[in-house]
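These notes concern the structure reproduced below.
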Amino acid sequence: MYMFAAEVESGVMVRRIAIAEIDRVVARRMGPTRVRGNAQPAVFNRQVAMYLARAVGGWSVTKIGKFHQGRHHTTVCYAIRRITALRATNTGVDGLLTELTEEIRSQPPRDSQRRIHVVERMPSAWPWPTPEQFMEELVERLIARLQPSIEDAVAASMPPR
């Protein structure tokens, strides 16, 4: 299953949807989002893409801004606040965002592994050795390493037979 930034499946991995994937879905549905300037409707489309990148993808506002032609993080914060307010007051916007969220979540992972960031967590009972086990292993390694030189020194100190 295609997971989201904050979800963990059986405590092993977290998958994050790429900002480019979210942007691609929004652009396919609404129109271009990554254009120069502040002409409508591209601004609204970009704000929706920024909101979804944060809400669904879990990306930081800095990374979202860099993806959208180096916009400042405060611009991303404004877009998120604006879309959140529109979603609360306008049922059409809320329905659109719900549909886009479902479409993004249903997207299969792309072939390119660089677009999906996988984070693995350590098991809760990591097999760290106790200090005694660590010292035993260290002594065994030292003895194994020094054994040939000790045997040579003992053989050299013995009188010939």
Looking at segment 40-58, is at least one residue of a type in the set (S, T, N, Q), at pLDDT 90 or above and either assigned by TED's automatic domain parsing to the domain that holds Val93 or farther than 18 Å from Pro108 by Cβ (or both)? yes
Of all residues being within 13 Å of the chain's Cα centre (by Cα) and charged (D, E, K, R) in segment 51-68, which is nearest to Ala79 (Cα to Cα)? Just the residue, please. Arg54
Based on what the data block shows, is Arg54 in contact (Cβ under 8 Å) with a residue 12 or more places away in the chain and either among the aromatic types (Phe, Trp, Tyr) or surrounded by 12 or more Cβ atoms within 10 Å (Cβ to Cβ) (or both)? yes
Being buried (at least 17 other Cβ atoms within 10 Å of the Cβ), basic (Lys, Arg) and part of a helix (DSSP H, G or I): is that true of Arg87 here? yes
All but one of (1) surrounded by 10 or more Cβ atoms within 10 Å (Cβ to Cβ); (2) within 30 Å of Glu21 (Cβ to Cβ); (3) modelled with pLDDT under 75 hold for Ile150, so report the exception by its number. (2)
Among the candidates Gly57, Gly37, Gly70, residue that is in a loop (DSSP other than H, G, I, E, B) and under 25 Å from Glu99 (Cβ atoms): Gly57
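The values are calculated or read from the model by the stated rules, or taken from the named source; none is laboratory data. Because the structure is a prediction, the values reported are computed rather than measured. Here Cβ is always computed from backbone atoms with ideal geometry, including for glycine, and neighbour counts include all displayed protein chains.
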